[in-house]
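Below: the structure, in structure tokens.
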There are 2 protein chains.
Amino acid sequence: MIIDCHGHYTTAPGPHSDWRQGQLAAFREGRPSPPYPAINDDQIRQSIEQNQLRLLRERGADMTIFSPRASAMAHHEGDERVSGEWARACNDLIARVVGLFPETFIGVGQLPQSPGAPLDSSVAELERCVTELGFVGCNLNPDPSGGRWTSPPLTDRYWYPIFEKMTELDVPAMVHVSSSCNPNFHATGAHYINADTTAFMQFIQGDLFADFPDLRLVIPHGGGAVPYHWGRYRGLADMLGKPPLNEHVMRNVFFDTCVYHQPGIDLLFEVIETDNILFGSEMVGAVRGIDPETGHYFDDTKRYVDKLGLPEADRAKVYSGNARRVYPRLDQALRARGL
Amino acid sequence: MIIDCHGHYTTAPGPHSDWRQGQLAAFREGRPSPPYPAINDDQIRQSIEQNQLRLLRERGADMTIFSPRASAMAHHEGDERVSGEWARACNDLIARVVGLFPETFIGVGQLPQSPGAPLDSSVAELERCVTELGFVGCNLNPDPSGGRWTSPPLTDRYWYPIFEKMTELDVPAMVHVSSSCNPNFHATGAHYINADTTAFMQFIQGDLFADFPDLRLVIPHGGGAVPYHWGRYRGLADMLGKPPLNEHVMRNVFFDTCVYHQPGIDLLFEVIETDNILFGSEMVGAVRGIDPETGHYFDDTKRYVDKLGLPEADRAKVYSGNARRVYPRLDQALRARGL
């Protein structure tokens, strides 16, 4: 079984995205949000069958851990109420995808974060996602200001309410920023990768996993710059008087395989333990083209992983075992289906 | 000949750093800056002989392109006048190091940048560094706000005066941030690497080198996250309708070898053309310890490069030829010495 841990609903039906534009326009004009539009099952089915489902089948994967479009979370837009409405609309739509394709998709929720706002509504929405919608995790934005980086680091007590709820529900988070309103940072070319690197270094500096020994966080995009600079991070941990990374951070932190060329995947597997790597592609995402050097989609990461020729036990971990361990509610759902 | 393109004077004599503290205290209290202290040649000699010079010899390199301590530039402190005094003091000290060890060090200047300030004083200081102090380049901080990222991207016309002066003087810049006043970003573990990645993506998005075809920029720390995500950047350039990276960016952009483990260096040389890689170590810098896995200093990058077993012509490029091409005034200085 092959589980892609990193998929976003980037192809959601037009009325859903249109409503978001209407919601933000209403916010700017001080009007109440427009009513959410009717979207029928066929619209959803089509948007999935022609995209994610088609590619999953073509590439030979079985399942995707599926969440709302990351770049559209845009927590820096509107306010806490606006983020709340938007997160619920996005999560409800994911729940409908899962309802229509229960064997292929399982949900991960968007949180209604807002710069400077407390995390109470995120805690409540996470609980709703898990207990009512059957979701198995959430995406946590370390920078709801969208490239201004005005929140405290992830190791700050500001974030503890969501970590407490995640621990209680036994669900992980993917640390994932959204779009950038800072012209310095291209969203998928700079902000995403920077956030991954930044979060990892915050975990080195802090001692978060002493307080939350069971917390599990997935850093996407192959861990940002971290594996390439693994020596730097091992050395910085040492200079900061921290334990080795495998004790201090890597019991709780996992990287996906969203690295879009063979040499990057080779490096990832050379320096990071197999137990810490989850197969992911973020397909129909940041990089949608075909690599002229290979003739295949840049984001067809399964090809790169297959090329590694991993021993069967490692391959099973990367393609499904690690995901089932990091997302225990996914494991429960699969077991209930006899898988 | 082996030239290290990336060295900072991290071991400057105490009175120099103490003066900076006094200068900032005076600024906060609205007093004029204290007089710069007397520092004698022996203090400078000692600070170099026991550190950079000793390690250069131990590691078998010949020369370092040497600039003021990057993390101490702190352009976000004080104001334009304060940055101006500090840059001149730092550059004059580098000139003294070069005067004492002319065969081993050649200077690169710190610019008196300040958030929101125009670049006139940086242009003037660059001219002074090159024409009066004999320097061969400068360090350009893409984020003088120190982690707030309030300046426009490097492709914006705001930066053009310094690029014009660099072109006129035929000197390159290393794109190098300083310390971070944003608690999200550890300086050497996040801010440095993020800035490298960010700058590269800005160059993809923009068209800077159409306006400055002869401009040369060194992105340090092995290009941040870029080589690890080389497929992502090739794919993003394609999605943005830009020419391939080797035409669009890599005629003007170079990476150093400040990557502190063998697998990272292996990847760098696998994906980046040898013509674009300059040997560098940033030694006595961010990561000063010994790697327990190898028994050698993390930042002894020459060991990793040597292990590649490059063909002699490529080795010569990485260790000296590329540096002499990117820093033509260094080449002239070496030729004048018959080298």
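The values are calculated or read from the model by the stated rules, or taken from the named source; none is laboratory data. Please read these numbers as outputs of a predicted model, since none were measured by experiment. Virtual Cβ from ideal backbone geometry, glycine too; neighbours counted across all protein chains shown. Accessible surface areas use protein heavy atoms only, side chains included; no ligands, DNA or RNA. Shrake-Rupley method; radii C 1.70, N 1.55, O 1.52, S 1.80 Å.
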Any hit, segment A:284-300, residues being within 14 Å of another protein chain (Cβ to nearest Cβ) and among the aromatic types (Phe, Trp, Tyr): yes
Any hit, segment A:200-220, residues being touching a residue at least 12 places away in the same chain (Cβ under 8 Å), within 22 Å of B:TYR192 (Cα to Cα) and touching a Cys at 6+ places or on another chain (Cβ under 6 Å): yes
From A:HIS176, A:HIS186, A:HIS191, residue being facing chain B (nearest Cβ under 10 Å) and touching an Asp or Glu at 6+ places or on another chain (Cβ under 9 Å): A:HIS191
Hey, A:THR294 free of Cβ contacts under 8 Å to residues at least 60 places away in the same chain, hydroxyl-bearing (Ser, Thr, Tyr) and more than 16 Å from A:ILE3 (Cα to Cα) or not: yes
Sole residue being modelled with pLDDT of 95 or more, open to solvent by less than 90 Å² (accessible area, probe 1.4 Å) and of a type in the set (Asp, Glu), chosen from A:ASP18, A:ASP41: A:ASP41
Qualifying residue in segment A:21-42 (condition: within 22 Å of the chain's Cα centre (by Cα) and not in a loop (DSSP other than H, G, I, E, B)): no
Check on A:ILE290, at pLDDT 95 or above and either open to solvent by less than 10 Å² (accessible area, probe 1.4 Å) or under 17 Å from A:LEU217 (Cα atoms) (or both): no
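For (1) surrounded by fewer than 16 Cβ atoms within 10 Å (Cβ to Cβ); (2) closer than 27 Å to A:ALA286 by Cα; (3) among the acidic types (Asp, Glu), each residue gets a yes or a no:
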site	(1), (2), (3)
A:GLU125	no, yes, yes
A:ASN141	no, yes, no
A:ARG157	yes, no, no
A:GLU168	yes, no, yes
A:VAL171	no, yes, no
A:SER179	no, yes, no
Selected residue [in contact with a Leu (Cβ under 8 Å, 6 or more places away or on another chain) and of a type outside the set (D, E, K, R)] from B:VAL108, B:VAL82, B:VAL97: B:VAL82
Any chance B:LEU55 is crowded, with 20+ Cβ neighbours inside 10 Å and at pLDDT 95 or above: no
Counted residues, segment B:202-211 - those being away from chain A (no Cβ under 12 Å) and part of a helix (DSSP H, G or I): 4
Residue count for segment A:244-261, restricted to those that are surrounded by 21 or more Cβ atoms within 10 Å (Cβ to Cβ) and either closer than 24 Å to B:GLU270 by Cα or basic (Lys, Arg) (or both): 7
Selected residue (only one of A:GLY241, A:GLY235 is within 14 Å of chain B (Cβ to nearest Cβ), under 26 Å from B:ILE290 (Cα atoms), over 24 Å from the mean Cα position of the chain (by Cα) and open to solvent by 20 Å² or more (accessible area, probe 1.4 Å)): A:GLY241
Close pairs (6 angstrom Cβ cut-off, 6 or more residues apart or separate chains): in contact (Cβ under 8 Å) with a residue 12 or more places away in the chain and facing chain B (nearest Cβ under 9 Å) in segment A:150-169, open to solvent by less than 50 Å² (accessible area, probe 1.4 Å) and assigned to a helix (DSSP H, G or I) anywhere: A:PRO153/A:GLN202; A:LEU154/A:ALA199; A:LEU154/A:GLN202
Looking only at segment A:248-283, and only at residues there that are among the hydroxyl-bearing types (Ser, Thr, Tyr) and within 13 Å of another protein chain (Cβ to nearest Cβ), the one that is farthest from the chain's Cα centre (by Cα): A:TYR260
